[in-house]
Amino acid sequence: MIPLFLMLTSAASFCLANAGSSQAAGAEKPTWALKFADYAEERGFIGKPAAPQPASKRQKMFRSAIRQAAAKGPNFAGHFTVAEWGCGAGCASFVIVDAINGKTFDPPFKTVAMPLVEGGRLYQGVVYHLNSRLLIVDGCPDEDDAKCGTYYYEWKDGQLQLLPFDPQPIPK
């Protein structure tokens, strides 16, 4: 007799493995219109990151997730940390934390959905690099299917400044 725990674990593993392969078969990663290297950030960070200083109600609500991500150190634009957390299946939320002083910044939207589009593309969510000021949001901000696409932002003067936007609304 196989224990119920092992049966459930095997079934869950099978479902997850097959879900990933079916997505990959019909969808490809997009080619970005802007390049991370064109927004290179030379500054680095050495030392222990400052504790995040949540200011908004939303930041305070997710302070544990923000604190855990910030403790790992910078991953964006030289000395910033993009702290991400899930908000459901195919949904993410994030803030940006300055590792030098702990100042915490909200993005221009609360969530980004990455819907599964049958026969379509595979949305990437939030994409960024430690050595670049370019941040790409590939999905549907605030889970609005009419606003889906690829948003390009440059981190400049303590905020995300929108660069070109490539709309790709979900077909109905």
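Taken together, the values in this text are just the output of simple stated rules run on the coordinates, not laboratory data. This one's a predicted model, so the numbers in the text were calculated from it and none came from an experiment.
For the stretch 30-167, lysine pairs with C-alpha atoms less than 22 angstrom apart, excluding pairs fewer than eight positions apart on the same chain, total 13.
How many percent of the alpha carbon pairs in the stretch 46-172 exceed a separation of 24 Å?
Numbers: 2132 of 8001 pairs.
When every Cα pair of the stretch 46-172 is considered, 27 percent fall beyond 24 Å.
Counting only Cα atoms, the size of the stretch 65-105 along its three principal axes is 32, 17, 17 Å, in decreasing order.
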